[in-house]
Structure formats: C-alpha cells, structure tokens
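Values in this text are rule-based calculations from the coordinates and carry no lab data. On a predicted model such as this, the values are computed, not experimentally measured, just so you know. No Cβ is skipped: glycine too gets one built from the backbone with ideal geometry, and neighbour counts run over all protein chains shown.
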Amino acid sequence: MAWSVCLSLAAAFLFAAAATVQYRAARRAVGGGMDAAAAHGLIRRLVRDPVWLTGWGVNLGGFFAQAAALHFGSTAVVQPLLVTQLVFTILLGAAGTERGLVRTDLLGAVAVSAGLAVLFTVPGAVPPAGEPSRPRLYVAALIAVPLVAVLSRAAWLRKGPVRAALLGVCAGLCFAASAVLIKLTTASLIDDGVAATAADWPGYALAGSTLCGLLIEQRAFAAGSLPAAMTAMTMTNPIASYLVAVLAFDTMPPRTAAAFAALSGSAVLLTAGVSLLSRSAAAARHGGGPPGR
C-alpha cells in the first residue's frame, strides 16, 4: 500500500498545480465573465495559451501518477487520498501571496490529515481491492451519465460559485469514472496485452470520461470561483469512487462497528477540513484576483 499512498499524494500535488495554472488561464480566456458568449470557443482559446498547455502537461503527469497508484491499490484507497489536492491548492495559492497561511488553513489541513489517518489505520474501513463486476459498472454508468447531464444543464441556470460548484460535481463524477476505467484498462494491458485491450471498451470509455471531465473542469474554473470548483471536485471524486469500489467490485463493505465508526468519523473530519479549506482566505485571495494575474 505504501507505493499506492506515495503515488496518490504525488498525483494530488500535480493535479493541484495544474488546477492553479489552468484556473488563471481559463479566467483570462473569458475576460472575467462567463456568459454564453464568453464560454463559446473557450477550449479553442485555451489550447492556444502556453500557460494552459503547461498546466495540461502537469495534469498529464498527475494522470500517470494516479494510474500507477491505482495499479498498486484500489480506488477506495487512491481516490480519498486525492482530497489532499485541495490542501496543496491552498498551499500553492498562499505561496503566491505575502500574507501566507491563516489559522483556518492549518485547521483544515489538520482535519483532512486526521480524517485520512482514521480511514487508513482502522482495519476494515477501506474495502480491499476486488474484481470488477461489469454488469454493476453498467448500472453505475446508467446512473452517472444522466446525473452529469442534469447537473451540467442546471449549472447554466446559475451564476458564480453555484455554477462553479455544480460543474465541479460533474467533473468529479467524470474523474471518478476515469479512476475506475484506469484500473480496468491498466489491468487489461498487463494481463491481456495491447491487442486485447484495444478490442475492449474500457479504454475508449476512459478517453471519453477523461475528456469530458477536462472540458467540464475548465468551464468550472472559468465560472470564477476556484474554491467552489475545487471543493466540489475534491469531495465528489472520492465519494463516488468509494461507492463504486463497494458496489461495482466484488469486495466487502465495512462490516464491523469499528470500521463503520472509522468511516463515519473520517467522513466528518474530511468534510469539516474541506469546508474550512474552501473558505480559506488564501484560497479566496487566489480565486478572486483579476484575470490574467
């Protein structure tokens, strides 16, 4: 599990660094607004921006680190660790200011760390890795795809942080799906080879979910609130991944009182920590600066 933990933390840091850079590029691309006219052609403008492309390269490094982590561990282990992405985002945001971290930053980071420590130290709280059940994965897809469509539509009826949060939830669902598909695809590549993997559907579904998540993520950044977008993505991704790990893989959910208590306590600590970090003064300063800063 050590390799999985280290690689997950590396992926979280790279994703946070990429989000910080891409947020700035996305806000500059829409000129500070996010109406229909500003959103039109957003991706076309971004792919011509060297700053955004740098962020994309960093994001790609995070993707490979996550894929390696998922090879060594289950989605129920890797995805909760990606919650630390928000901690790294706060640290990177504070690094660009003179005021540095404030008390809520530290309390939030401690709460997130404590929640992860509880989750991973109590036996049975994290379900072990298991073989995927493809019929259950189909059911999960039938639930997730309409949910993303409805939330995406609802986002365009809102403005500001609410729009960013709704789009962040959609991106988080896409990235959770990508995590499951990464696990399937890498296992297929190692066990069956390239030809068999190319003839199966998970690799193509992985490309689709990753692209969809990327597009929605950029629109969430362009909506104007980095804390709202990052918080929604950071919480949705591990929750959805944990549920899929329990429901769609042949593994055992927590069954002992201690495991349930640890899972509940961890959820409370992580939620409290993320809530504090999302209201962080450092994050607000970073998210509220002028476009193109």
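Side notes on the structure shown:
- Counting every pair of alpha carbons in the stretch 2-287, the share spaced more than 37 Å apart comes to 10 percent.
- At full extension, ARG255 and THR54 could sit 67.9 nm farther apart than now, given 0.36 nm per residue minus the alpha carbon distance.
- With the simple model of a label 7 Å out from the Cα in the direction of the Cβ, VAL47 to ILE143 spans 3.4 nm.
- Among 79-87, 105-113, the peptide with the highest mean count of other Cβ atoms within 10 Å heads the list, and the full ranking is 79-87, 105-113.
- Amide H contacts of PHE249 (H built 1.01 Å from N, under 5 Å, at least 5 apart or other chain): SER133
- Fully extended contour minus Cα-Cα distance, from TRP201 to ALA187, at 0.36 nm per residue: 3.7 nm
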